[in-house]
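Colleague: Quick one: this structure, given as structure tokens, is what I'll be asking you about.
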Amino acid sequence: MFGFIDETVLDVASGHGGSGSVSFRREKYVPRGGPDGGDGGKGGNVVFHVRSNLRTLAHLRNNQQYYAQRGEQGQGRKKHGRDGADVVIDVPPGTLIKDADTGALIKDLTGEEDTWVFLKGGRGGKGNWHFRTATRQAPRFAQSGEPGEQRTLAVELRIIADIGFVGFPNAGKSSLLNYLTNAHSKVAGYPFTTKIPHLGVFSYDDQVITLADIPGIIEGASKGSGLGFTFLRHISRTSGIAYLIDLSDEQYLEAYYKLHHELESYSKELADKPKVVIASKLDLDETGERYTELQKLFPDTRVIGISVFDGRGIDEVRRAFISLVGS
């Protein structure tokens, strides 16, 4: 997801309706024909379309103004003006549409391939033939088209996934994602390898599970430190959270509490989601003592030791994820 963008501001406007026409019938043997002004066309709508193959808002960053076409003016011989073309804005599933000034939520576009009309175009004005009466046989006026609407929107993406990975930098989140799925998240032995969210999908027991790996959280993230807190919104829709604890880290026993505190500072609802604790890099815990200590620390929580180096614990992780999604 090169060029990942998860928020932007858009100016959008529906089209004005076209004005009705003031026209009179003129034919060779009808010198005083009646009114025949046609109606103006309807203005175009502002439409949002959810596309399942989009994963970012990057395509909206370079063009932040979306204006629908205005309706054409009516013509003589009762010809109706052409309706203005809609402006269609493609967005990924999980896009939130908010009022830019108040932050109030207008629409949550979670469905795939949904189409939603946000602003309707102005109605076209009536031509002068509508206004003829027995006493007013030659009306020299027509109706103006209705104006369109204009709004400034804050557009925000929240990725839709089943399980969200949470952990300190270099805890092994990307390695696990790559092992379980066909994702190609960058892996290296230094912090903040992951700088954008990554998604991966795997199938197990006829179920399809979507995983989200976000940049590593550091202590103080809720106060603006590091990268991870910015991306916590992308695991807010998940069914469960996988806390990855690095067994090679000397602070492995405190890691969960620090991570949980940062999540709770962001959203109590997120911190209260069903969870599994995954003890990564089990191959580096030669005696297994650290893994045992971690299990004792959480007697009421499922703690799974894994190694992507030799595959230990991976099947148990798959089963745990299926259980979280079903809980």
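Colleague: Label points 7 Å out from Cα along the Cβ direction at residue 26 and residue 201: separation in nm?
Modeller: Here the answer is 6.3 nm between the modelled labels.
Colleague: Using 0.36 nm times the number of residues separating residue 286 and residue 254, minus their current alpha carbon distance, what extension gain do you get?
Modeller: Between residue 286 and residue 254, full extension yields 9.5 nm more.
Colleague: Just checking my list [x] 39; [y] 18; [z] 42 against percent of Cα pairs over 35 Å apart computed from this structure; which label fits?
Modeller: So the calculated entry is the one marked [z].
Colleague: Using Cα centres only, tell me the gap between region 7-49 and region 257-316 in whole Å.
Modeller: Going from one Cα centre to the other spans 64 Å.
Colleague: Once the other residues with Cβ under 14 Å from the Cβ of residue 159 are scored (Lys, Arg +1; Asp, Glu -1), what is the net sum?
Modeller: Overall, the nearby charge balance is -3.
Colleague: Using a 7 Å offset from Cα along Cα-Cβ at residue 106, what residues in region 46-66 end up with backbone N under 20 Å from the label point?
Modeller: Once the point is set 7 Å along Cα→Cβ of residue 106, 46-51, 56-66 turn out to lie under 20 Å by backbone N, inside region 46-66.
Colleague: Do any of 173/296; 42/120; 107/268; 98/173; 173/258; 268/296 go past 21 Å between their Cα atoms, and which?
Modeller: 173/296; 107/268; 98/173; 268/296
Colleague: Next up: Restricting attention to region 254-290, which GluC sites (Glu not before Pro) occupy a DSSP loop and are surrounded by at most 14 other Cβ atoms within 10 Å?
Modeller: Values: sites: 254, 262, 264, 269, 286, 289; in loops: 286.
Sites meeting the loop and neighbour criteria: 286.
Colleague: When the chain is treated as a GNM, springs tying every alpha-carbon pair under 10 Å, which of 14, 23, 175 comes out with the largest mean-square fluctuation?
Modeller: 23
Colleague: Suppose only helical runs count, i.e. DSSP H with n ≥ 4. What mean residue ellipticity at 222 nm does that imply for the chain under -39500 (n - 2.57) per run, divided by all residues and rounded to the nearest 500 deg cm²/dmol?
Modeller: -4500 deg cm²/dmol
Colleague: Which chymotrypsin sites (Phe, Trp or Tyr not before Pro) in region 18-69 sit in a loop by DSSP (not H, G, I, E or B) and have at most 10 other Cβ atoms within 10 Å of their own Cβ?
Modeller: Hits after loop and neighbour filter: 29.
Here, each number is a calculation from the coordinates, and none is a lab measurement. Everything numeric here is computed off the predicted structure, so don't read it as measured data. Cβ coordinates were reconstructed from backbone atoms using ideal geometry, including for glycine residues, and neighbour counts include every protein chain displayed.
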